[in-house]
Amino acid sequence: MTRIATVSRRTNETKIDITLNLDGSGKHAIETGVGFFDHMLTHIAKHGVFDLELRCEGDLWIDAHHTVEDCGIALGEAFAQALGDKAGIVRAGSASMPLDEALAFAAVDLSGRPYAALDLQLYGAELGGIAPDLVNHFLESFAFAAKANVHVKVLAGVNDHHKAEACFKALARALDAACRVDIRRGGDIPSTKGTI
């Protein structure tokens, strides 16, 4: 079973191309024009052990909002596409990730019911050159496009960079756990409904 997705998203604000392999080795090539955001997306590939190519040309002369939002949508669509009918997957996963003084928790259910519950506690005026609330917006956009239930919470921390990075690493680990194929299921859909 090949679990690879290719997504192209074109709007007047962004041009995005993504290739995602759920059964990869963590290889990545990410270019959004926003260095801090590239750094965060790299963690999804590296710590989720997904192969991810993501290129975005966005209207950064305005600000990073459309780039971050649309990358969340396109990446969520890539996960949904690569998972297909979700037959045989574990479906849910969670992880905690420390980074120095920061500690983040993420839980994911690939339930087909989109929801994002976020408590990131990012209090600074900017984060790597972007507004901190864009991290929330990325996660919301990703959750809704992936049709996933996503909870991310910062449990401890002082430095916003550390808190955000711990969140992305925890999310990556939770996604890795949820996307894995459970051979015990024999290809069965992981829901009492018979469909997700």
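What follows is calculated from the coordinates using simple rules that are stated; it is not laboratory data. Since we're looking at a predicted model, the values are computed, not measured. All Cβ positions, even for glycine, are placed from backbone atoms using ideal geometry, and neighbour counts span all protein chains on display.
Report the residue count in segment 41-86 for those that are among the charged types (D, E, K, R), more than 22 Å from Lys169 (Cβ to Cβ) and assigned to a helix (DSSP H, G or I). Talk me through it step by step, then tell me what you get.
Residues of segment 41-86 that are among the charged types (D, E, K, R), as a first pass: 46, 51, 53, 55, 57, 59, 63, 69-70, 77, 85-86.
Then drop every residue that is not more than 22 Å from Lys169 (Cβ to Cβ), which leaves 55, 57, 59, 63, 70, 77, 85-86.
Filter once more, so that each one left must be assigned to a helix (DSSP H, G or I): 70, 77.
Of the residues in that region, 2 qualify.
Give me the pairs: first residue in segment 71-88 and closer than 20 Å to Ala177 by Cβ, second residue among the aliphatic types (A, V, I, L, M) and in a helix (DSSP H, G or I), beta-carbon distance under 6 Å, and six or more apart or on different chains, which are they?
Matching pairs, first to second residue: Gly76/Ala145; Gly76/Ala146; Phe79/Ala146; Ala80/Ala146.
What's the number of the only condition in (1) surrounded by 19 or more Cβ atoms within 10 Å (Cβ to Cβ); (2) under 14 Å from the mean Cα position of the chain (by Cα); (3) over 25 Å from Val7 (Cβ atoms); (4) among the small types (Gly, Ala, Ser) that Gly93 fails to meet?
(3)
Name every residue in segment 134-171 that is of a type in the set (A, V, I, L, M, F, W, C) and not in a helix (DSSP H, G or I), in order of residue number. Walk me through it before giving the result.
Of all residues in segment 134-171, those of a type in the set (A, V, I, L, M, F, W, C) come to 134-135, 138-139, 142-146, 148, 150, 152, 154-156, 158, 164, 166-168, 170-171.
Those that are of a type in the set (A, V, I, L, M, F, W, C) and not in a helix (DSSP H, G or I): Ala148, Val150, Val152, Val154, Leu155, Ala156, Val158.
Quick one: is Gly33 in a loop (DSSP other than H, G, I, E, B), at positive phi and surrounded by fewer than 19 Cβ atoms within 10 Å (Cβ to Cβ)?
For Gly33, the condition - in a loop (DSSP other than H, G, I, E, B), at positive phi and surrounded by fewer than 19 Cβ atoms within 10 Å (Cβ to Cβ) - is met.
Would you call Arg91 at negative phi and among the basic types (Lys, Arg)? Break it down stepwise before answering.
Values: at negative phi: no; among the basic types (Lys, Arg): yes.
Here the answer is no, as Arg91 does not meet what is asked.
On the basis of being surrounded by 16 or more Cβ atoms within 10 Å (Cβ to Cβ) and either within 14 Å of the chain's Cα centre (by Cα) or in contact (Cβ under 8 Å) with a residue 24 or more places away in the chain (or both), does Thr19 make the cut? Even if it seems obvious, please write down each step before you answer.
On the way: surrounded by 16 or more Cβ atoms within 10 Å (Cβ to Cβ): yes; either within 14 Å of the chain's Cα centre (by Cα) or in contact (Cβ under 8 Å) with a residue 24 or more places away in the chain (or both): yes.
When the stated conditions are applied, Thr19 passes them.
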